[in-house]
Amino acid sequence: MDTQQHRTPVSTTTPRQPHPVDSSSAILIPLLSFLAIAAVFVIPSSLPSVLHQVPEGHVGVYWRGGALLKTITDPGFHIKMPFLTHYEPVQVTLQTDQVTDIPCGTKGGVMISFGKIEVVNRLSKKHVYETLLNYGVDYDKTWIYDKIHHEINQFCSSHSLQQVYIDVFDQIDEKMKDALQVDCTRYAPGIEIISVRVTKPTIPDSIRRNFEQMEEERTKVLIAIEKQKVSEKEAETVKKMAISEAEKNANVSKILMEQKLLEKDSARRQEEIENAMYLAREKSLADADFYRVIKEAEANRLKLTPQFLELRFIEAIANNTKIFFGDKLPNMILDQRLLGNFLQEVSRGEALKMKK
């Protein structure tokens with residue numbers, strides 16, 4: 001049985017020779033590999049220098065190659081070019097700068113030192129670029145720290161120790177504020193000085209003891225003055241009370257006197273009214289009597305007729321018991337007692353008529 005044998009065909013083609021490697025490709029391949037490896041390790045570590053955060057109350061300011069850029073960023077996250085752009089946050093809200101250890105000499109030559117002066121200031125956001133361009137990030141060193149030293153020395157050199165330490169110490173705050181604000185407004189208008197707080201300066205111990213003794217004496221004098229004022233006030237109060245009491249008594253006496261005068265005047269008026277009433281009544285009675293007498297006189301004048309007289313004569317004779325008759329007496333003759341009785345009777349009758 002014939003078997004078929006499988007044989008591998010033998011190629012008769014000539015083997016290929018490898019191409020020669022280019023020298024530039026041999027250099028580029030390792031370089032790219034190095035850059036790829038470096039990117040894996042460098043990019044994560046350089047990410048913070050690309051992404052940065054501007055805190056609240058600040059603005060972001062940038063320098064590129066040492067030159068200040070006009071780009072001003074608000075609070076938040078921002079991106080910058082690493083290695084080329086430098087970033088700084090600049091505060092635009094209220095901030096307090098503390099200037100410490102400020103020596104100065106008074107007009108009398110005494111050296112004193114201000115331990116701390118606080119300056120509350122604020123940089124305007126719209127003046128950030130101009131201020132940093134002219135004075136840098138440490139602008140407050142020029143216009144606050146150094147300026148405070150200068151102004152304090154100017155102030156001390158023109159005042160005595162007594163004035164600096166006691167007399168005009170309460171004015172230093174406002175004077176420093178005004179002096180700083182004047183120069184800032186002129187040269188750095190973006191800086192606003194809000195307030196200045198100055199602590200009590202430190203003076204030599206010997207002078208301080210003298211001031212303390214002086215203050216003690218002054219306190220004693222003030223206490224004595226206050227006691228004197230209190231005594232004067234008490235005396236004045238007693239005087240006012242006495243005057244008030246006297247015025248009250250005088251007013252009471254005046255009121256009582258006026259009351260008595262009013263009573264007297266009222267009594268006088270009442271008496272005058274009673275007198276007037278009495279006079280009017282008496283006058284009325286007198287007028288009535290006068291009128292009655294006149295009328296009676298007129299009536300009597302009318303009555304005095306011969307017939308009436310004869311009647312009255314007869315009535316009078318009728319009351320007498322003695323009658324004389326004789327030849328020698330032509331008529332009836334009455335004695336002296338008869339004539340008297342007649343006249344009395346006539347008078348009595350007239351009097352009764354007048355009383356009625």
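The values are calculated or read from the model by the stated rules, or taken from the named source; none is laboratory data. Note that this is a predicted model, so its numbers are computed, not measured. Cβ sites come from the backbone with ideal geometry, for glycine too, and all protein chains shown count toward neighbours. When the accessible area is computed, the model is the full protein with side chains, heavy atoms only, and any ligands, DNA or RNA have been set aside. Shrake-Rupley method; radii C 1.70, N 1.55, O 1.52, S 1.80 Å.
Quick look at the values:
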read-out	value
Length added when fully stretched, Glu282-Asn210, from 0.36 nm per residue minus Cα-Cα	15.5 nm
Listed peptides 291-303, 175-187 by packing density, highest first (mean Cβ within 10 Å)	175-187, 291-303
Carbon/sulfur fraction of accessible area - the stretch 118-185, other protein chains in place, 1.4 Å, %	47
Local electrostatic count, Arg197, Cβ distance below 15 Å [Lys/Arg +1, Asp/Glu -1]	-3
Computed label-point distance, nm, for sites Asn275 and Glu263 using a 7 Å Cα→Cβ extension	2.1
Prolate/oblate/rounded call for the stretch 94-203, Cα gyration tensor, a/c under 1.5 rounded	prolate
13 Å beta-carbon shell around Ala246, net charge (K/R +1, D/E -1)	+2
Over 21 Å (Cα to Cα) - which of Lys116/Lys147; Lys147/Lys175; Lys147/Lys200; Lys200/Lys220 fall in this group	Lys200/Lys220
Global geometry of the stretch 51-91, whether rounded, prolate or oblate, following the gyration tensor of its Cα atoms and the 1.5 cut on a/c	oblate
Rounded if a/c under 1.5, otherwise prolate or oblate - the stretch 135-281, Cα gyration tensor axes	oblate
Simple spin-label estimate for Phe169 and Leu311 in nanometres, 7 Å along Cα-Cβ	13.5
Net charge of Cβ neighbours under 10 Å - reference Lys147; Lys, Arg +1; Asp, Glu -1	-3
